[in-house]
Structures are given as structure tokens and as C-alpha cells.
Amino acid sequence: MYTIGQVAKFLGVSRDTLKFYEEKGLVKPQQNSENGYRTYNHFDIYDITTINFYREIDFEIKKIQELRKGKSIEGIQSLLVEKEQVMLEEIAYKKLQLKKLQLVKEDCQKISQYLGTYTIKEMKPLEIMGVIDHYTAYDEYDSLKENADSIKKAVILTSLRRVIRFDDSGMLENKFMVVRKVENSDHPIKGEVLAHPKCLYTVIEDGRWSTGGKNTDNKVEASIRKVAKENGYELLGLVYINLLLTTYEEGLERIFLEMYVPIK
């Protein structure tokens with residue numbers, strides 16, 4: 001016979017875990033009525049190691065309780081198949097989360113490399129999933145949830161692209177589109193696809209921390225025109241703006257935006 005301390009030590013589990021197993025009816029050590037001490041025999045130890053085995057493959061306590069009541073090999077196989085499917089779905093979901101995280105890391109690198117500078121870059125194909133008047137048109141978000149490029153099926157700002165049309169007289173149109181990247185997508189393409197092989201590309205900072213809440217559209221437009229003129233680029237009258245990252249400084253948001261400005 002072994003004490004709870006001895007069992008905890010050589011099985012590598014805590015006393016609290018052993019007591020928890022007992023509370024759930026998974027192990028039933030003898031208990032001294034006078035001093036309350038528990039003693040475990042070799043059958044109890046076998047039960048504990050069996051519980052630990054099923055816990056290691058992430059079986060819930062409820063499922064282990066079912067096993068204790070009796071399961072055929074076929075019944076166990078059924079539980080294993082069920083658990084396998086859950087795990088496969090979790091792995092697929094985690095892979096998507098990891099991909100999102102890696103993309104955000106890449107966005108941080110873009111900010112470091114391109115903030116305040118211009119270069120020539122391709123705007124990769126984007127499928128238009130929907131259009132809203134403005135990102136503050138919250139009543140329109142409900143109809144966009146299924147189309148948002150989000151693994152949680154929620155409308156997030158990184159699913160939106162601000163599109164500005166302009167000519168020499170100024171801004172002609174300002175709207176927001178819900179888009180999804182076409183490259184490496186498993187989804188069939190149903191909507192219009194946007195792509196521009198040659199764009200002026202830059203990253204700018206917006207948000208109250210850097211702008212004091214002022215609109216900087218005119219300043220950005222002037223900068224684009226200046227760069228295009230200096231380099232002899234002919235603008236196509238379009239600007240695509242994408243949110244890369246939002247952080248905070250002194251309680252105020254710092255918003256980093258990437259801009260694609262198509263040129264001939």
C-alpha cells in the first residue's frame with residue numbers, strides 16, 4: 001500500500017490531481033476513518049496511469065468516466081475517431097492562426113522598410129467581396145461577415161481596402177471594399193478581381209498620435225503627385241489603402257497604412 005505522497009512522487013502527478021480524480025470517481029483509494037489518510041494499492045495505481053494515458057491524448061474527464069463504466073474496443077475506437085476529428089480541426093485552425101500571425105510579422109517588416117519612402121511594387125490580385133460606404137457604416141457590417149477574410153468570420157479592418165479615385169481637380173470617389181487575397185486561396189473566385197502590375201508603393205502613419213486627429217489626405221495626395229512628377233510616372237487616378245497595423249502610444253492610436261498607387 002502507498003500513501004498519496006508516494007503515489008504523487010513516483011507517478012509525477014500532484015496531490016491535488018489525485019484528489020480531483022477521486023472526486024470524479026475515477027480512482028477510489030482506501031481512507032482511514034480515524035486520520036483521513038488515503039492509501040493506494042496496485043489496482044489504484046493502474047487506474048491512475050490509465051487516466052493519465054487518456055488525459056495525455058486530451059480526453060475530457062467526462063469521456064474517461066464513460067470508459068470507466070465500460071467500453072468495447074469498438075466503442076473506444078469510436079471515441080478515438082471522434083477525438084481525432086476534433087484535433088484535426090484544431091490543428092487546421094491553429095495553422096490558419098499561425099499564418100495570420102506570420103503575415104502580421106511581415107507587415108511589421110514592411111513598416112520598418114517602407115515607412116515614408118516610395119518604391120515600385122505590384123499589387124497582387126484581390127477579389128472584391130463587397131462594398132460599403134465607409135468603415136464607420138456599422139449597419140452594413142452584418143452582411144459582410146461571411147465574406148470577410150477572417151478565420152473567425154468577423155469583420156475586421158484588415159479585410160477592408162479604402163479606394164480613392166481622383167483626377168487633376170481632386171477626389172472623385174472614396175469608398176471601402178471588402179477583399180480577399182486571390183493567391184494561394186482555397187476559395188473559388190466569384191467576384192471581380194483587382195490587380196495592378198505596377199504601382200507606387202509606400203507606408204504612411206496615421207492616427208491621433210502622429211496627426212493630432214487631423215485629416216492628412218491632402219498632404220498624402222501632394223506627396224504622391226510630387227513623387228510621380230519627379231520620376232516621370234503617369235498616375236491612373238487610383239489609390240488603394242490597406243491597414244497594416246495599429247498600436248498605441250500614450251493612449252493614442254498609431255495607425256500604419258500601406259498605399260498602392262497604380263501607374264502606367
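Between Val193 and Lys219, what's the calculated FRET efficiency when r is the beta-carbon distance and R0 is 25 Å? Round to 0.05.
Working: r = 31 Å, r/R0 = 1.26.
The pair Val193/Lys219 has a calculated efficiency of 0.20.
In terms of Cα to Cα distance under 23 Å, which lysines are near enough to Lys229, apart from those fewer than 8 places away along the same chain?
Leaving aside lysines fewer than 8 places away in the same chain, those within reach of Lys229 are Lys121, Lys198, Lys219, Lys264.
At 222 nm, what helix-only mean residue ellipticity would the chain give, in deg cm²/dmol to the nearest 500, using -39500 (n - 2.57) for each DSSP H run of four or more? Before the final figure, lay out each step's value.
Numbers: 7 runs with 102 residues, N = 264.
Taken over the chain, the calculation gives -12500 deg cm²/dmol.
Round to the nearest 0.05 the FRET efficiency obtained for Glu234 and Lys99 when R0 = 35 Å and r is the Cβ-Cβ distance.
Working: r = 37 Å, r/R0 = 1.04.
The pair Glu234/Lys99 has a calculated efficiency of 0.45.
Once you've got the Cα coordinates, tell me which of Lys95/Lys124; Lys124/Lys181; Lys63/Lys83; Lys9/Lys63; Lys28/Lys83; Lys124/Lys226 are over 18 Å apart.
Details: Lys95/Lys124 23 Å; Lys124/Lys181 8 Å; Lys63/Lys83 10 Å; Lys9/Lys63 26 Å; Lys28/Lys83 27 Å; Lys124/Lys226 25 Å.
Listed pairs above 18 Å: Lys95/Lys124; Lys9/Lys63; Lys28/Lys83; Lys124/Lys226.
Hey, what does the equivalent ellipsoid look like for the stretch 2-70, semi-axes from the Cα gyration tensor as sqrt of 5 times each eigenvalue, largest first, whole Å? Walk me through the numbers on the way to the answer.
Details: eigenvalues 85, 35, 20 Å².
Listed largest to smallest, the semi-axes of the stretch 2-70 are 21, 13, 10 Å.
What number, in percent, do you get for the relative contact order of the chain if the mean sequence gap of Cα pairs under 8 Å and at least 6 apart is divided by its residue count?
Numbers: 360 pairs, mean separation 43.8, N = 264.
It comes to 17 percent, rounded to a whole number.
Within the stretch 195-241, list the GluC sites (Glu not before Pro) lying in a DSSP loop whose Cβ has at most 14 other Cβ atoms in a 10 Å radius. Walk me through the numbers on the way to the answer.
On the way: sites: Glu205, Glu221, Glu230, Glu234; in loops: Glu234.
Sparse-neighbourhood loop GluC sites (Glu not before Pro): Glu234.
Å³ per residue of the Cα convex hull, for the chain?
222 Å³
Provide the per-residue ³J(HN,Hα) series for the stretch 91-99, in order, calculated from phi with Karplus coefficients 6.51, -1.76, 1.60 and θ = phi - 60°, each as a whole number of Hz, with x at glycine and proline positions.
5, 4, 5, 5, 5, 5, 4, 4, 4
I need the calculated FRET efficiency for the pair Lys226 and Gln85, taking r as the beta carbon distance and R₀ as 51 Å, to the nearest 0.05.
0.30
For the stretch 27-34, in order, what is each residue's ³J(HN,Hα) by Karplus, 6.51 cos²θ - 1.76 cosθ + 1.60 with θ = phi - 60°, in whole Hz (x at glycine and Pro)?
Result, rounded to whole Hz: 9, 10, x, 6, 10, 5, 5, 7.
Mind listing the long-range amide H neighbours of Asp206? Cut-off is under 5 Å, sequence gap 5 or more, other chains count too, H placed in the peptide plane at 1.01 Å from N.
Ile255, Phe256, Leu257
How about the stretch 210-263: which trypsin sites (Lys or Arg not before Pro) there lie in a loop by DSSP and see at most 12 other Cβ atoms within 10 Å?
Details: sites: Lys214, Lys219, Arg225, Lys226, Lys229, Arg254; in loops: Lys214.
Passing both the DSSP loop test and the Cβ count: Lys214.
What net charge is computed for the residues neighbouring Ile64, neighbours being all others with C-beta under 12 Å from the C-beta of Ile64, Lys and Arg scored +1, Asp and Glu -1? It would help to have the intermediate numbers written out before the result.
Values: positive: Lys24, Arg55, Lys62, Lys63, Arg68, Lys69, Lys71, Lys83; negative: Asp47, Glu56, Asp58, Glu60, Glu66.
For residues surrounding Ile64, the net value is +3.
Please list, in chain and number order, the residues 5+ apart from Val27 or on another chain whose amide H is under 5 Å from its amide H, with Hs placed from the backbone.
The list, which skips near neighbours in sequence, is Glu22.
No lab work stands behind these numbers, since they all come straight from the coordinates. All values reported here derive from a predicted model rather than from experimental measurement. Glycine also receives a Cβ, built like all others from the backbone with ideal geometry; neighbour counts cover every protein chain displayed.
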